[in-house]
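This report concerns only the one structure given below.
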């Protein structure tokens, strides 16, 4: 078994533990992309639009309502977030409950404001919530005490990823090695959440 499959299994078992302790919140998910540096280039890298066109990589992350990662995909830094939507949805390593049992919502920022996105989400049985960052900040100020968080949880999870040096800057030329490290971090975050909330 390669490292990628081993760490993917680690993540899957972490999700099972988290689901047993707290329950994965599939009803309110959020997704966003984050760009990191990739000085050595390699597979699934490209010119970064946020770093003077230096080589970078894009990490597309799907999280459940509490911020635990439940989906992940990687591409070049120049790939638009919305182009990774379906690939990220397909990457979920465990089987969510049947969609017809309840409504599933997906919160996205203005980078996903395209009809193509709405068609994909409809096909997956997801209710789209797309708003700009300014609207999100305004909504957070008006949020009532105790009300559940929505889109910002994915940004917090991206910040957790960036605390790992091998993730903050990608040094792996091979995409499978970088993905293996991302799976490992997904597993660590998930197990920590399971222990904390358990």
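The values are calculated or read from the model by the stated rules, or taken from the named source; none is laboratory data. Only a predicted model underlies this, so the values are computations on that prediction, with no experimental measurement involved. Quick reminder, even Gly has a Cβ in these numbers, built from the backbone with ideal geometry, and neighbours come from all protein chains shown.
For the criterion of being in a loop (DSSP other than H, G, I, E, B), more than 25 Å from residue 2 (Cβ to Cβ) and either in contact with a helix residue (DSSP H, G or I) (Cβ under 9 Å, 6 or more places away or on another chain) or modelled with pLDDT of 95 or more (or both), residue 149 passes. Checked against (1) free of Cβ contacts under 8 Å to residues at least 60 places away in the same chain; (2) in a loop (DSSP other than H, G, I, E, B), residue 166 meets all criteria but (2). The residue that is nearest to residue 182 (Cα to Cα), among those in the range 48-66 that are surrounded by fewer than 19 Cβ atoms within 10 Å (Cβ to Cβ) and within 21 Å of the chain's Cα centre (by Cα), is 66. A single member of 40, 106 is outside any helix (DSSP H, G or I) and surrounded by fewer than 17 Cβ atoms within 10 Å (Cβ to Cβ), and it is 40.
Of the residues making up the range 93-101, none is crowded, with 24+ Cβ neighbours inside 10 Å and not in a strand (DSSP E or B). Out of the residues in the range 109-129 that are out of contact with any helix residue (DSSP H, G or I) (no Cβ under 7 Å at 6 or more places or on another chain) and not in a helix (DSSP H, G or I), which is nearest to residue 172 (Cα to Cα)? Checking each candidate, the answer is 113.
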